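Working notes, beginning with the structure itself.
Coordinate-derived values only; no laboratory data. Since the model is a prediction, treat every value here as computed from it, not as a measurement. Glycine also receives a Cβ, built like all others from the backbone with ideal geometry; neighbour counts cover every protein chain displayed.
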């Protein structure tokens, strides 16, 4: 029985990983920046969490990024695996915020592979959960981009923190002091991450009840 259960988890994790890789290539370029792209692979990650729980979903997140990097990312980033590191961070952030939101609405998502559960949420619960995830994702990813990710990305690794970046005249176009750099990152990343979070949660909530009805 244990071997069958473990095999089942492995097969389902493999399916979710493959789906996350494929769906991740269906990208929508953010109009305000060519390097920011919307994709719905996080919907697959949330679905994996719904079915398998945290441990297996963590494996799905990491393996998804490794596969995606091996396929196309090795030559795409100035810094190896940097883009996928950000994707991994975003995925774990969303899962963490999803768990936090469930506590706030006093709802427990039991992994379907452990227990059959057809419970449904009210519209208010769905809206609160979606808002918490979207807002939290916006705060975390905007802060990460402000302090570390954007300096590393746009400088090709020559600047590891924003304080040295804003003092480099080669990057004066993003601002030469903390205030102008703050508003540049705020206007770029806040709308992107909030819209991304809302869209991901809308699609996931539309799929959730249908997934719950499946025989896993």
How high is the FRET efficiency between residue 216 and residue 105 when r is their beta carbon distance and R₀ equals 25 Å, given to the nearest 0.05?
0.60
Report the semi-axes of the equivalent ellipsoid for the range 2-212 in whole Å, largest first, where each axis is √(5λ) for an eigenvalue λ of the Cα gyration tensor.
34, 21, 13
Kindly provide the Kirkwood hydrodynamic radius of the range 5-85 in Å, to one decimal, from all pairs of distinct alpha carbon atoms.
13.4 Å
Sort 140-152, 15-27, 160-172 by packing, meaning the average of other beta carbons within 10 Å per residue, with the highest value first.
140-152, 15-27, 160-172
Apply the Debye scattering formula to the range 55-158, with a single equal point scatterer on each alpha-carbon and no solvent, then give log10 I(q)/I(0) at q = 0.10, 0.16 Å⁻¹.
-0.39, -0.84
If packing is taken as the average count of other Cβ atoms within 10 Å, what order do 2-11, 200-209 fall into, highest mean first?
200-209, 2-11
Percent relative contact order for the chain, counting Cα pairs under 8 Å at least six residues apart, stands at 20 percent
Two-site label geometry, residue 182 and residue 7: point separation in nm, points 7 Å out along Cα→Cβ:
5.9 nm
For the range 97-216, the Cα gyration tensor yields equivalent-ellipsoid semi-axes (√(5λ), largest first, whole Å) of 40, 14, 11
Where does the range 109-175 land on the Kirkwood hydrodynamic radius, alpha-carbon pairs, in angstrom?
15.2 Å
Within the chain, helix-based [θ] at 222 nm, where runs of 4 or more DSSP H residues each add -39,500 (n - 2.57), nearest 500
-22000 deg cm²/dmol
How would you rank 93-103, 43-53, highest first, on the average number of other Cβ atoms within 10 Å across their residues?
43-53, 93-103
